[in-house]
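All of the numbers you see were taken from the coordinates with simple rules; none came from a lab. Here the structure is a predicted model, which means the values were calculated and not measured. Counting neighbours? That spans all protein chains shown, and the Cβs are built from the backbone with ideal geometry, glycine included.
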C-alpha cells in the first residue's frame, strides 16, 4: 500500500474548480499523490447553464479500473468519491470501493454523496439506494443537509428529527463519522446549540452551521451501548461560520478534500482498546470507532481536528473568492435574477465565472496552520490578517443526545 | 484577458504524472490558474504496455472548445499544448490556437510537438505537417532532438546540420524561441561546445545537453539581418546536465510546463525598440524578438532564465525520483530487459510504477529559488543539499553560428 495516496473519483471540468479540480490541488499541496478518475469531462460546471463535453461511460470507467487493477495501480491509502452522474456508474464505483475496502481494512474512504442541494436532486433518483448501500463502506461521509434528509428519508425540522437521522446513518448504515457543513441556521437549530457557539439571535440567519458526529461504539457492540451508563450514540461537535452572500460552486468538494487530507486517525485519537501495531504519523487509520472514550478524547477527535481545519481553510478561500468577485467590473458580478438570466444567459455565465474559487491563489491558506484564537460572532467576518487563517474550532455539543428540544 | 491563466491541452492519466498531470500541479504551485483539456483519458501512460480508458474524440474536444468560447472562458494569457493523439484532433487544436493568437497577439504559446523519441514516431505520421503549420503560432517550442529532426527533415549529425535545422525553424516556420533538452551528447556535439560547459571527454556520455535558440531579428526584418554586420540568426545558449540512468516518463512534460511558467518576456529582456506600455511583472509578453540586442541582453534572456530554472528544477525532481526508485524493493526496480518484459509484462509495469515522477514530494523544488553557484561536472551529480536546488545556468554559445565544425 502506498503511503499518502488518494484515489479521487469525481467530475472534471476544463475551466474552474469543482469536483476533481477543486480536490486535487489541495490534496497535492498537502503531500498526497492523487489518482484522478474523471466521471465527466465537461468544459465547466453545470451552474453556468450550458456546457460542452460528455459524461464518462460506465464501460470506460470499468476499463480504467480494470487496467489499473491489472497494472497493480489500485493501492490508494485513501479513497474520495464525489459527483457521479448516474446509478450505473455509481454501481461500478461501488464495486471498486468494495474491492478496495476488502483489500485494505484500513482504507480511509471519504464518501461525499453528491445528490442535490436546497431541496432539489440534481442526479437521477435511482442513485439514492445505491448510495445507501455504499454507506457501510465509508469512513467519513460529508453530505449536505438535503443529502442527510434524502439518505435517511427524514425531514430535518427539529432536534429529535436530527437525532433520528444521525441514528439511522450510524446504526442502520454503520457510518463511523459524519461531517455536515453549510447548514442553514434555522431558529430551532440555533436555539438548541451550546451557548458558546450560538450566534446572537439577530444574526442567526447570517451564519451557517457545521456539525460532526462520530459513533462512540464499534459496530459489533452497538447493542451493549447502554451498559456504559451512557445514552450517547455519538460524539457531536459543532461550530458556526459567517454566511458569505452568493452561490459559489465547488465549496463542498474543496471541504471534503481537505477533511480527507487532514483526517489522521492515529494521531490524537488512539483507540484505547485496540492499540495500533505500528503507528505512522499519517497512515494508520483505525476506522472502527473507539469503544470507551475518556473525557480527554471528547473535546477534540481526529474528525473534529480535520473538520475544524477544513472549515477554517474553506471559509478563508471563500472569503478571498468573495473579495475577488466583488472587485470585478459590474458586468461580471451581476446578482442572481432568474428572469433576467433566462432572457440573457451570459449574465449567469459571467456571474459563475467571477465566482470560481480562488484556489491557486490560496496555496498559503491550504498549506498553512490556522491561528487558534477565540472568535467573536461579529465584526471579524471579513477581516483577514494577511496570510493568517483564523481557526474555527468545533466545540463539543455535550447535551446533543439528552437535551430537550 | 485573465492574468496568469494557462490553457493546457494534453493527455490525462488517472495514475502517475505525464501530460496534464505533470504540468498542472507545477503551474498551479507557481500561481497559474490552469484550464485542463484532456486529449486522452487513460488509466496510466502507454509505457506500462497496457492501459484502459480512451482517447477524447475530436467531436468532444470541439464541443468543449465551443462551450468554453460561448461561455467566454477562452481567455488564457498562456497556451500549452502537448500530446495530441492524431491529426484530426490536432487540426481542431490548431484552429483554437489560431483563434487565441488572433484575439491576443501577446498570448504566450508553448508548443511541445510531441511526436516521438529516439528515432521512433509514436503518433501517426500525418501529424507532422500539421505541427509544421502550427509552428508560426508559437512563442516557444520544446521539441526533443528527434522532433527537431522530424520537423525540419534534417538528420542532426554535425554542427552545420544543427545550424540548418535551427535556421529552418526560425526562418521558414518563424519560431521565435526554441528550447531543446535531453540531447544525447554525441562526440561531434561535445567537441563543438564552449569550453566552459564541455564535460571532460571521459564523461561525455554521462551528460545530456540542453540548447536554446532565440531569433534575433523580428520576422518582418529577417531579410535585413546582414545589414547589422552580424551573421547571427539567433542567440544560442547551452548547458549540460548529468544523465540519470533509466527511462522516466513525463520529464519533458514537466520541463515544458516549467519553461512556460518561468518565461516572463518583459522582466529582464525588454525590447528596446518597443517599450511595453504598461509592464506588469509577469504578463506583458512581447513575442516578437528584439531587433538589436546589446551585449547585456546576450548573457541571459527571458528564455534562458526560464530554461535554466526549468532545467535545474526538472533535474532535481528527477534526482529525487531516481533515489526513490532505487529505494524500492528489488521487484519494483527491475531493469529494462525486452525479452523478460515480453514474457512477463508485470515486470515492465512495476518498473514504470516505481519511476513515476516524485512531483508532489517536490513542491519545495518547484516553488523554490535554485542556488546560483558554479557546478563542476563530476562528483556533484547525486549530492543534494536538503531543500537546495543547484542552478544550472545556460551559458552563451558565442561561436555557434561562426565556428568551424
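Please arrange B:253, B:398 by counting, for each residue, the other beta carbons lying within 10 Å of its beta carbon, fewest first.
Numbers: B:253 29, B:398 14.
Going from sparsest to densest Cβ surroundings: B:398, B:253.
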Distances in nm between the label point of residue A:327 (7 Å along Cα→Cβ) and its equivalents in the other copies, shortest first, are 4.0
Contour minus Cα-Cα distance for residue A:398 and residue A:371 (0.36 nm per residue):
7.2 nm
Assume the label is 7 Å from Cα along Cα to beta carbon: what separations in nm does residue B:102 have to the matching positions in the other copies?
5.6
Determine the shape class of the range A:112-191: with a ≥ b ≥ c the square roots of the Cα gyration tensor eigenvalues, call it rounded for a/c under 1.5, and otherwise prolate if a/b is greater than b/c, oblate otherwise.
oblate
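What's the extension gain from residue B:133 to residue B:337 if we count 0.36 nm per residue and subtract their Cα-Cα distance? Numbers along the way, then the final one.
Values: separation 204, 0.36 × 204 = 73.44 nm, distance 3.89 nm.
Net length gain for the segment: 69.6 nm.
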Please compute, for peptide A:65-77, the average count of beta-carbon atoms on other protein chains lying within 10 Å of each residue's beta-carbon.
6
Starting from the Cα of residue B:203, step 7 Å along the direction of its Cβ; do the same at residue A:195; then give the gap between the two resulting points in nm.
7.4 nm
For B:140, A:251, ascending order of other Cβ atoms within 10 Å (fewest first) is A:251, B:140
Kindly give the distances from residue A:339 to its copy-mates, label point to label point, with each label point 7 Å from Cα along Cα→Cβ, as nm values to one decimal ordered shortest first.
8.2
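Would you mind giving the mean number of other chain beta-carbons within 10 Å of the Cβ of each residue in B:28-41, as a whole number?
Numbers: counts 8, 5, 2, 3, 1, 8, 5, 7, 9, 6, 6, 0, 0, 10.
Going residue by residue through B:28-41 and averaging, the value is 5.
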Using the 10 angstrom Cβ neighbour count as an exposure proxy, how do A:13, B:389 rank, fewest first?
B:389, A:13
Summarise the partner chain shielding of B:51-63 as one whole number: the mean count of Cβ atoms from other chains within 10 Å of each residue's Cβ.
4
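If contacts are Cα pairs under 8 angstrom and at least 6 residues apart, what is the relative contact order of the range A:67-134 in percent?
Details: 60 pairs, mean separation 27.9, N = 68.
41 percent.
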Relative to a virtual label point 7 Å from the Cα of residue A:72 in the Cα→beta-carbon direction, which members of the range B:336-360 show backbone nitrogen distances below 16 Å?
B:336-337, B:340-356
Cα centroids of the range B:245-259 and the range A:109-129: how far apart, whole angstrom?
40 Å
